[in-house]
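The values are calculated or read from the model by the stated rules, or taken from the named source; none is laboratory data. Predicted model, so just to flag it, every value in this text is computed and none were measured. Counting neighbours? That spans all protein chains shown, and the Cβs are built from the backbone with ideal geometry, glycine included.
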Amino acid sequence: MTLARSQDSDSLYFLLAAKSFLLWTFTLIVCMIVIGFPLLALVVSVGALLAGALHAILPLSGVLFAILSVIGIHAVGIMLMAGFLTSQRIHPQEVEWLRWLNGQANPLHTSIYASCPLTCDINHPSI
C-alpha cells in the first residue's frame, strides 16, 4: 500500500514538473518575441552578417548554418532557463507579473473612454 502511494506521488510530481516546464517554455517564448524584439533585431543582424561571411566559404550551407545556429541558440537558452526555473520549483502561478497566464486581470486598472461622461452611467470623481 505504501509503495502504491509513493508511485502515485512520484508520477504526480513528474506531471506537475512537466506542466511547469511547458508553461515556462511558453512564457519565455512569448516574452522573447514580445519584449525582446530589439534583442531579436540585433541577433538577426548578427546572423545576417554571419551568413554573409560564411557565404564566401560555403554558398548554401553557410546561410543554413547561420540560421540554424541562431534559432538553436535561442531554443537551447529558453529550454535551459525553463529547466532551471522548474528545478528551483518556481511555478508560473506563483510569479506576480504573470497574472495574464492565469486569466486574472489587473483589477486596479479601469479604462475610461472619452465618450464615457456622455454615455456611461458610472460616476467617476475624476471626470
Worksheet entry | Every pair of residues 6+ apart whose Cβ atoms lie under 9 Å, when the first sits in the stretch 81-109 and is at pLDDT below 65 while the second is charged (D, E, K, R) and surrounded by 10 or more Cβ atoms within 10 Å (Cβ to Cβ) | Ala105/Arg99; Asn106/Arg99
Worksheet item: Which is outside any helix (DSSP H, G or I), of a type in the set (A, V, I, L, M, F, W, C) and either surrounded by 12 or more Cβ atoms within 10 Å (Cβ to Cβ) or in contact (Cβ under 8 Å) with a residue 12 or more places away in the chain (or both), of Leu58, Leu22?
Response: Leu58
